[in-house]
Structures are given as structure tokens and as C-alpha cells.
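Below: one structure, written as C-alpha cells.
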Amino acid sequence: MLDSKPGSEEPSVTETEAREECPECGSLRHLHDYRRAEVVCSDCGLVIEDRIADQGPDWRGLDSDERLAREHTGPPTTYTIHDKGLSAMIDPRDYDAGGSPLKPQTKAQMSRLRKWDRRARISGSVERNLSWALSELDRVAGQLQLPRNVREAASLLYRKTVENGLTRGRSMESSTASALYISCRQFGIPRTLEEMADVTKYNKKELGKSYRVMARDMGIHLPPVNAMDYVPRFTSLLGLPGRVGTKAGAILREVIDEGMGSGRGPAGIAAAAIYTACVLEDAKRTQKEISEITGVTEVTVRNRYKDIAEYLNLDVDG
DNA sequence: AAGACGAAAGTGGTTGA
DNA sequence: TCAACAACTTTCGTCTT
């Protein structure tokens with residue numbers, strides 16, 4: 001019930017004939033990738049539109065609880081109409097409906113009313129931004145299959161960031177993504193920046209910069225990512241049996257104890273440990289498959305694998 | 001033909017003057 | 001602030017199965 005199986009394969013990509021041609025190559029064949037919420041040109045791969053999931057009832061891949069929770073939250077349309085026609089204007093002039101001046105007492109009252117009206121409006125807009133941000137946060141969290149507690153933590157972090165005025169000059173998307181990324185790290189279920197980048201409109205670099213700034217500003221010290229934390233998810237995404245995961249964990253522990261972790265990217269080491277475990281356990285996955293899932297290149301998988309194999313051969317058992 | 005391996009050049013981030 | 005540096009990626013060619 002925690003993580004839905006990655007193996008459940010609904011057709012998440014459909015090809016359609018588009019009305020507009022691709023600005024890059026002019027092709028009319030577009031792929032709708034609902035899992036990644038993108039429209040991609042079939043011929044040149046250009047991402048024509050992202051976040052299509054906002055436009056329809058296409059939330060998917062989540063359990064019924066989440067679907068329920070999400071049913072009416074949503075895209076900016078609700079937020080744009082939120083204030084419309086609901087808040088009345090208070091006439092700024094001190095005359096009554098008939099045009100006569102107000103009594104001093106009434107005048108003072110009206111002035112107080114205006115003051116509170118103004119305050120309500122401002123806090124209303126803060127609320128609206130917040131509610132938009134939180135639904136964006138939920139969307140990304142949903143696509144990354146993150147558990148509730150991480151979302152809660154991320155929401156809280158985001159609120160605090162806003163309260164401290166640290167979101168000024170930054171987009172809400174980058175801030176919510178940063179809050180999520182940081183929370184994931186804190187909960188020991190890290191997502192790679194690649195994965196974050198896949199479901200937001202920012203790339204690895206931008207997200208990296210943005211989350212660093214937020215962590216620094218909020219005085220959060222993030223311990224380095226533990227390579228071990230990647231193993232369960234990667235093995236499960238690769239559809240590997242449990243024993244391979246255990247093996248990979250054992251290899252990792254051994255290799256990291258030996259100081260191989262320093263300076264190297266944790267995801268790369270995790271990927272290589274999994275690859276090694278695959279070889280040893282005879283549950284072969286190609287380097288390519290592993291690199292695709294883990295977001296590190298084949299070359300890095302190879303290099304780390306070489307390191308690990310070297311070390312393991314020096315040791316007695318393998 | 002596909003996968004594994006490695007060399008070479010390029011990129012972004014960190015470090016030390 | 002800038003240059004040097006290590007890690008990683010990209011690209012491409014060769015070897016192996």
C-alpha cells in the first residue's frame with residue numbers, strides 16, 4: 001500500500017495528430033506522455049507542452065485515497081476565479097447613498113471597515129498563492145510517488161519559507177520543488193535532481209541551485225545523500241527480486257566502509273552496486289537499463305563497477 | 001546485432017590562492 | 001575573483017558474445 005508497483009503498465013503514452021505543428025521540425029505527430037505529463041514531438045523529441053495533466057481528469061497511477069484527495073484540487077483555474085465577484089468594494093468616499101456627508105461616527109466606522117477589508121484582501125491573496133503552491137507541490141509529489149509524510153513536511157517547509165519572505169523573486173514552482181527535494185532528503189528517501197527535473201519545468205542545474213539557496217536560507221543542514229537510500233527504489237523500478245537488493249546493499253556497505261564513497265556521486269555508486277549485484281545474482285540488467293533508471297550514465301556505472309569489482313576481487317568472497 | 005568496455009573532449013561545481 | 005582540479009557526461013570507436 002505504500003508504493004504502488006512500478007510494474008503496473010498502463011498505456012501512459014499515446015500518439016495523436018496535433019493541430020499545431022512542432023516549432024522545431026514542423027511535424028504534426030505528437031506524443032502525449034501522461035506519466036511525465038508532457039506533450040512531445042514524435043519526430044524530434046521537442047517538449048511542446050508540459051503539465052498536460054492539469055487539463056483533464058488524467059490523474060493516474062495513484063491509489064484510491066490519493067485520487068479522492070485530489071479530485072477537486074487543482075489547476076490554476078480555480079484559483080483565478082477564486083476572488084471574482086466575491087469581495088465587495090467599500091466606497092472610498094465618505095458620502096452615503098443619497099450623496100450626503102456621513103456623520104463623523106459613521107465616517108470612523110467606514111474607515112475601520114476599509115482597513116479590515118484591505119487586510120482581508122491581502123491575506124486572501126497570500127492564501128490563494130499558498131493554496132496554489134500546495135496543489136503544485138501535491139502534483140509533483142504525486143508524480144514522484146512520495147508518501148504523505150514527505151508532502152506534509154514539504155508543505156510545512158514551504159510555508160515557513162514564505163513566512164520568512166524567502167520566496168520573493170523566486171518562482172513558486174522552484175520553491176515548491178526545492179521544499180520537496182529537501183524533505184525527501186531529510187526523510188532518507190531521496191529523489192535525484194533528474195527525477196525532480198522530469199516533473200517540473202526546471203532542469204537539474206536550476207533545481208540544484210534553488211534547493212541549495214533554500215536550505216542555506218532556512219538554516220537547514222542537509223547531510224550528504226546516502227547511496228544506500230537509493231537502493232530499494234532503484235531495484236524495485238528495475239523489477240529486480242529482493243535478494244538482488246539485499247546483495248546490492250551488502251556490497252554498498254562493504255565498499256563504502258572502505259572509503260569508496262568519498263567524492264563520488266552516491267547515485268553512481270548505488271547504480272554500480274546494483275549492477276554488480278545483478279551480475280553476481282544472475283539477474284542480469286544491462287548497464288543501459290540501469291543508467292536509464294538511476295539517471296547516471298552508462299560510463300559512470302561502468303567506472304564505479306570497475307572500482308567495485310577490483311575491490312571485491314582483492315577480497316576473499318564475491 | 002547488442003552489450004560491454006574504454007579513450008578523449010567537454011561541462012559544471014568545488015577549492016585554494 | 002579566478003584558475004586548477006576532480007568527478008561526471010557525451011560521444012564515438014573497438015571488442016566480445
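Got at least one residue in the range A:169-177 being of a type in the set (S, T, N, Q) and closer than 14 Å to A:Val199 by Cβ? Write out each step before concluding.
The first filter runs over the range A:169-177 and keeps only residues of a type in the set (S, T, N, Q), leaving A:171, A:174-176.
Now drop any that are not closer than 14 Å to A:Val199 by Cβ, which leaves A:174, A:176.
Checking the range A:169-177: at least one residue is of a type in the set (S, T, N, Q) and closer than 14 Å to A:Val199 by Cβ.
Kindly establish whether A:Ala277 is at pLDDT 90 or above, of a type outside the set (Phe, Trp, Tyr) and crowded, with 18+ Cβ neighbours inside 10 Å. Don't jump to the end; show me each part of the working.
Details: at pLDDT 90 or above: yes; of a type outside the set (Phe, Trp, Tyr): yes; crowded, with 18+ Cβ neighbours inside 10 Å: yes.
Answer is yes for this residue.
If you scan the range A:257-266, which residues turn out to be more than 13 Å from DNA strand C (Cβ to nearest atom) and either under 21 Å from A:Val299 (Cβ atoms) or part of a helix (DSSP H, G or I) (or both)? Outline the logic, then answer.
Here is the first cut: in the range A:257-266, the residues more than 13 Å from DNA strand C (Cβ to nearest atom) are A:257-258.
Within the range A:257-266, A:Asp257 is the sole residue that qualifies.
Within the range A:287-307, how many residues turn out to be free of Cβ contacts under 8 Å to residues at least 40 places away in the same chain and either buried (at least 19 other Cβ atoms within 10 Å of the Cβ) or farther than 15 Å from A:Thr235 by Cβ (or both)? Steps first, please.
Within the range A:287-307, the subset free of Cβ contacts under 8 Å to residues at least 40 places away in the same chain is A:287-288, A:291-292, A:296-303, A:305-306.
Those left that are additionally either buried (at least 19 other Cβ atoms within 10 Å of the Cβ) or farther than 15 Å from A:Thr235 by Cβ (or both): A:287-288, A:291, A:296-303, A:305-306.
Looking only at that region, the number is 13.
Here is a list: A:Ala271, A:Ala248, A:Ala267. Which entry is within 13 Å of DNA strand B (Cβ to nearest atom), touching a residue at least 24 places away in the same chain (Cβ under 8 Å) and either under 24 Å from A:Arg191 (Cβ atoms) or surrounded by 14 or more Cβ atoms within 10 Å (Cβ to Cβ) (or both)? Walk me through how you get there before you give the answer.
Numbers: A:Ala248 fails: within 13 Å of DNA strand B (Cβ to nearest atom); A:Ala267 fails: within 13 Å of DNA strand B (Cβ to nearest atom).
Step by step, each of A:Ala271, A:Ala248, A:Ala267 is checked, and only A:Ala271 is within 13 Å of DNA strand B (Cβ to nearest atom), touching a residue at least 24 places away in the same chain (Cβ under 8 Å) and either under 24 Å from A:Arg191 (Cβ atoms) or surrounded by 14 or more Cβ atoms within 10 Å (Cβ to Cβ) (or both).
Could you tell me whether the range A:287-296 includes any residue that is small (Gly, Ala, Ser), within 12 Å of DNA strand B (Cβ to nearest atom), on the phi < 0 side of the Ramachandran plot and not assigned by TED's automatic domain parsing to the domain that holds A:Thr200? Full working, then the answer.
Step one: filter the range A:287-296 for residues small (Gly, Ala, Ser), giving A:291, A:295.
Remaining after also requiring within 12 Å of DNA strand B (Cβ to nearest atom): A:291.
Filter once more, so that each one left must be on the phi < 0 side of the Ramachandran plot: A:291.
Okay, now just the ones that are also not assigned by TED's automatic domain parsing to the domain that holds A:Thr200, so A:291.
Yes, that holds for at least one residue.
For the structure I just gave you, tell me whether A:Ser236 is modelled with pLDDT of 85 or more, within 15 Å of DNA strand B (Cβ to nearest atom), part of a helix (DSSP H, G or I) and of a type in the set (S, T, N, Q).
Numbers: modelled with pLDDT of 85 or more: yes; within 15 Å of DNA strand B (Cβ to nearest atom): no; part of a helix (DSSP H, G or I): yes; of a type in the set (S, T, N, Q): yes.
So A:Ser236 does not fit the description; no.
The values are calculated or read from the model by the stated rules, or taken from the named source; none is laboratory data. All figures in this text were calculated on a predicted structure; none of them were measured in a lab. We place every Cβ from the backbone using ideal geometry, glycine too, and count neighbours over all the protein chains shown.
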